[in-house]
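The values are calculated or read from the model by the stated rules, or taken from the named source; none is laboratory data. Quick caveat, the model's predicted, so the values are computed rather than measured. Please note: Cβ atoms are built from the backbone with ideal geometry, for glycine as well, and neighbour counts cover all protein chains shown. Surface accessibility is based on the protein's heavy atoms, side chains included, excluding ligands, DNA and RNA. Shrake-Rupley method; radii C 1.70, N 1.55, O 1.52, S 1.80 Å.
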2 protein chains.
Amino acid sequence: MTRSKSLLINILRNEGLRYTSQRRAVWNELKSSADHRDAEDIYLCLRRKKIRVSRATVYRTIDVLVKNNLVRKMELGDGRALYEPRIGNEHHDHIICLETGKITEFYNEDLEQLQEKIVKQRGYELVRHVHQLFVRPLKK
Amino acid sequence: MTRSKSLLINILRNEGLRYTSQRRAVWNELKSSADHRDAEDIYLCLRRKKIRVSRATVYRTIDVLVKNNLVRKMELGDGRALYEPRIGNEHHDHIICLETGKITEFYNEDLEQLQEKIVKQRGYELVRHVHQLFVRPLKK
DNA sequence: TTTTTTAATGAGACTCATTCTCAATATAAG
DNA sequence: CTTATATTGAGAATGAGTCTCATTAAAAAA
């Protein structure tokens, strides 16, 4: 608690931003989420808890958290986004089974390096990536 | 032309849908696109050509085309989408420049094989994949 | 501590891609 | 040709997210 409080303070200080009750509340809410949450959900939860905060501030704060790697943004591809606290630095490439709908996360170092190489060759620096493998169970 | 006309007719017939001038026009427009186009762009081009069609119909038609694999939908992750005709089964991994918006397609054999390997290890067979690298130009 | 400076906030207007509504129209079947 | 019904167009509605700007609250200065 103290640890992650000072974590937020440090990040804000670093960015020349102020440590406000709203930013603290949004980060606490997100931090204690097991699941992927959307911004509206976080806003509603905070309001239900009688915390005075606006939608605009929730969005603004999430942006800061994402930019500073406290939170991961997961684009749904239809204009919506979900957020989850970053714990460690696990990877989020997905295997999506077309038959069962099961989503498996995977990480492969070779793949990561290949991606870096591919963009570097073309004069770019990799910012983020989306990698989804749509699959079917192997039949014997 | 005749070939792809009957292609569209067959798909529509298959789905129990009617063959209308609007659906034909949207497909022709998309079919003759080299580039990735968005729905608004297709709508405006058709209107400029004096073809009587509405935005709603463009969106509705594109949905049909995507569902039937005549067109590939590419989600930009911020609520927008681009479309391109499916011609054969070329590869569509994308490098998307966050600064200029430029989209480069790439193909890398090692990457393809890695993907196959990754899913096979987990008991799956790869059906299709989405791979987008969001990048920034390298600064010297 | 009190005052001053300036960043942050809230309410709600706004944006923009997309979807919906429903009366009018066009297609395909009979 | 007539009928039944799918499709269309215009524009309203939606919904996630952003913006504005007067007010409030951190932090710095006194």
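What to note about this one:
- The range A:124-140 - residue that is among the basic types (Lys, Arg) and assigned to a strand (DSSP E or B) and, of those, farthest from B:Lys139 (Cα to Cα): A:Arg136
Here is a yes/no grid of residues against (1) in the same structural domain as B:Val26 (by TED's automatic domain parsing); (2) of a type in the set (Val, Ile, Thr):
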| site | (1), (2) |
| --- | --- |
| B:Ile42 | yes, yes |
| B:Arg52 | yes, no |
| B:Thr57 | yes, yes |
| B:Val71 | yes, yes |
| B:Gly101 | no, no |
| B:Thr104 | no, yes |
| B:Tyr107 | no, no |
| B:Gly123 | no, no |
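- Enumeration of residues in the range B:36-58 that are open to solvent by 30 Å² or more (accessible area, probe 1.4 Å) and touching a strand residue (DSSP E or B) at 6+ places or on another chain (Cβ under 7 Å): B:His36, B:Asp38
- Residue list for the range B:111-125, filter: touching a Leu at 6+ places or on another chain (Cβ under 8 Å) and over 19 Å from A:Ile118 (Cβ atoms): B:Val119, B:Lys120, B:Gly123, B:Tyr124, B:Glu125
- When B:Ala81 is tested against the conditions (1) of a type in the set (A, V, I, L, M); (2) touching a His at 6+ places or on another chain (Cβ under 6 Å); (3) under 26 Å from B:Trp27 (Cβ atoms), the lone failure is (2).
- For the range B:82-105, the set of residues classified as surrounded by fewer than 19 Cβ atoms within 10 Å (Cβ to Cβ) and at the interface with chain A (Cβ under 7 Å from one of its Cβ atoms) consists of B:Leu98, B:Thr104, listed by residue number.
- Of all the criteria given as (1) away from DNA strand D (no atom under 14 Å from the Cβ); (2) open to solvent by 70 Å² or more (accessible area, probe 1.4 Å), the one not satisfied by A:Asn28 is (2).
- Subset tally (residues that are modelled with pLDDT under 90, open to solvent by less than 80 Å² (accessible area, probe 1.4 Å) and more than 7 Å from chain B (Cβ to nearest Cβ)) for the range A:106-140: 0
Every residue, every condition in (1) part of a strand (DSSP E or B); (2) more than 15 Å from DNA strand C (Cβ to nearest atom), yes or no:
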| site | (1), (2) |
| --- | --- |
| B:Tyr43 | no, no |
| B:Val53 | no, no |
| B:Val58 | no, no |
| B:Thr61 | no, no |
| B:Val66 | no, no |
| B:Glu84 | yes, no |
| B:Gly101 | no, no |
| B:Leu111 | no, yes |
| B:Lys117 | no, yes |
